[in-house]
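K.L.:
Sharing a structure with you now.
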Amino acid sequence: MTAIRAAAASDVDAIRRVHTAAFGRAAEAELAIALASREPACISLVASQRGRIVGHVLFSPVSVDGHRFTPPPMGLGPVGVEPGLQRSGTGSALCRAGIEACRKAGVPFVVVLGHPPYYPRFGFAPAVRFGLSLADAPPRDAFMALELAPGALAGVHGSVRYAPEFG
């Protein structure tokens, strides 16, 4: 059975281990740890099985040029699951729990830069349909948005900017 909970400061080493194993490098782990430690508005969740952390997802604030939101919209990612548990539903459970936590926190919408076949299962659609683009990049099907509050994206057009750590 997989349990999902808010990440704690004591989970840093496990989060680093999970992302490094999932991506085969430490960049995503260091990104997640840096953002979560710097930005109090982040939503950081871990998945555990028998007390061992096996997955992690981070939602961090993003901005849209020319618009202000309170609370801010969020960017989903990174999300990582231990390689032996990938395709087991753990990543999906983390994403769903994070999206629900965003909804409860009053987040107006979530964006993600990810695999086009994967994220529509959560309700994501190409961000260009909402008038959003990824700052400094051409429109792509991999950049998607999910409106959490009805009408939250009405009249919102512009470039989305992630935190500088995404560099």
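The values are calculated or read from the model by the stated rules, or taken from the named source; none is laboratory data. This is a predicted model, so every value here is computed, not measured. Glycine gets a Cβ as well: all are built from the backbone with ideal geometry, and neighbour counts include every protein chain shown.
K.L.:
Collect the residues in the range 13-27 that are closer than 16 Å to Phe59 by Cα and either in a loop (DSSP other than H, G, I, E, B) or aliphatic (A, V, I, L, M) (or both), keeping them in residue-number order.
P.N.:
The answer is Ile15, and nothing else.
K.L.:
Residue by residue through the range 142-160, note down the ones that are surrounded by 13 or more Cβ atoms within 10 Å (Cβ to Cβ) and assigned to a loop (DSSP other than H, G, I, E, B).
P.N.:
Ala142, Leu148, Ala152, Leu153, Val156, His157 - these are the residues of the range 142-160 that are surrounded by 13 or more Cβ atoms within 10 Å (Cβ to Cβ) and assigned to a loop (DSSP other than H, G, I, E, B).
K.L.:
Is the range 51-68 home to any residue that is within 23 Å of Ser159 (Cβ to Cβ), of a type in the set (Asp, Glu) and either modelled with pLDDT of 95 or more or in a loop (DSSP other than H, G, I, E, B) (or both)? Full working, then the answer.
P.N.:
Our first condition is that a residue be within 23 Å of Ser159 (Cβ to Cβ); within the range 51-68, this holds for 58-68.
Narrowing the set further to residues that are of a type in the set (Asp, Glu) leaves 65.
This time we only want the ones that are either modelled with pLDDT of 95 or more or in a loop (DSSP other than H, G, I, E, B) (or both), so: 65.
Within the range 51-68, one or more residues are within 23 Å of Ser159 (Cβ to Cβ), of a type in the set (Asp, Glu) and either modelled with pLDDT of 95 or more or in a loop (DSSP other than H, G, I, E, B) (or both).
K.L.:
Only one of Ala21, Ala32, Ala47 is closer than 19 Å to Gly114 by Cβ, at pLDDT below 95 and of a type outside the set (Asp, Glu); which? Let's see the steps before the verdict.
P.N.:
Working: Ala21 fails: at pLDDT below 95; Ala47 fails: at pLDDT below 95.
Answer to the selection: Ala32.
K.L.:
Might you let me know whether the range 106-120 holds any residue that is in a helix (DSSP H, G or I) and either of a type outside the set (Gly, Ala, Ser) or surrounded by fewer than 16 Cβ atoms within 10 Å (Cβ to Cβ) (or both)?
P.N.:
Within the range 106-120 (the criterion being in a helix (DSSP H, G or I) and either of a type outside the set (Gly, Ala, Ser) or surrounded by fewer than 16 Cβ atoms within 10 Å (Cβ to Cβ) (or both)), the answer is yes, since at least one residue qualifies.
K.L.:
Within the range 87-98, take every residue that is out of contact with any helix residue (DSSP H, G or I) (no Cβ under 6 Å at 6 or more places or on another chain) and buried (at least 21 other Cβ atoms within 10 Å of the Cβ) and give me the one that is nearest to Pro73 (Cα to Cα).
P.N.:
Across the range 87-98, the extreme among qualifying residues is Gly98.
K.L.:
Taking the condition touching a strand residue (DSSP E or B) at 6+ places or on another chain (Cβ under 8 Å), farther than 25 Å from Val156 by Cα and in contact (Cβ under 8 Å) with a residue 60 or more places away in the chain, does Ala93 pass?
P.N.:
On the way: touching a strand residue (DSSP E or B) at 6+ places or on another chain (Cβ under 8 Å): yes; farther than 25 Å from Val156 by Cα: yes; in contact (Cβ under 8 Å) with a residue 60 or more places away in the chain: yes.
Yes; evaluated as a whole, the condition is true for this residue.
K.L.:
Does Glu39 satisfy the condition of being of a type outside the set (Lys, Arg), touching a strand residue (DSSP E or B) at 6+ places or on another chain (Cβ under 7 Å) and crowded, with 17+ Cβ neighbours inside 10 Å? Full working, then the answer.
P.N.:
Values: of a type outside the set (Lys, Arg): yes; touching a strand residue (DSSP E or B) at 6+ places or on another chain (Cβ under 7 Å): yes; crowded, with 17+ Cβ neighbours inside 10 Å: no.
So Glu39 does not fit the description; no.
K.L.:
Moving on. Return the residues of the range 73-86 that are farther than 16 Å from Tyr118 by Cβ and either crowded, with 22+ Cβ neighbours inside 10 Å or in contact with a Ser or Thr (Cβ under 7 Å, 6 or more places away or on another chain) (or both); say none if nothing qualifies.
P.N.:
Result: Pro73, Met74.
K.L.:
Checking Asp13 against (1) more than 23 Å from Val107 (Cα to Cα); (2) crowded, with 18+ Cβ neighbours inside 10 Å: exactly one of these is not met. Which one?
P.N.:
For Asp13, the failing item is (2).
K.L.:
Which residue pairs have Cβ atoms closer than 6 Å, lie 6 or more positions apart in sequence or on different chains, and pair a first residue in the range 144-167 that is more than 17 Å from Cys102 (Cα to Cα) with a second residue that is hydroxyl-bearing (Ser, Thr, Tyr) and assigned to a strand (DSSP E or B)?
P.N.:
Pairs found: Ser159/Ser133; Arg161/Ser63; Ala163/Ser60.
K.L.:
Can you list residue pairs whose Cβ atoms sit under 8 Å apart, with the first residue in the range 4-28 being within 18 Å of Ser88 (Cβ to Cβ) and the second being of a type in the set (A, V, I, L, M) and assigned to a helix (DSSP H, G or I)? Count only pairs 6 or more apart in sequence or on different chains.
P.N.:
Ile4/Ala93; Ile4/Leu94; Ile4/Ala97; Arg17/Ala29; Val18/Ala29; His19/Ala29; His19/Ala32; Phe23/Ala29
K.L.:
Scan the range 124-141 residue by residue and report those that are within 15 Å of Gly75 (Cβ to Cβ) and crowded, with 16+ Cβ neighbours inside 10 Å.
P.N.:
Phe124, Ala127, Phe130, Leu132, Ser133, Leu134, listed by residue number.
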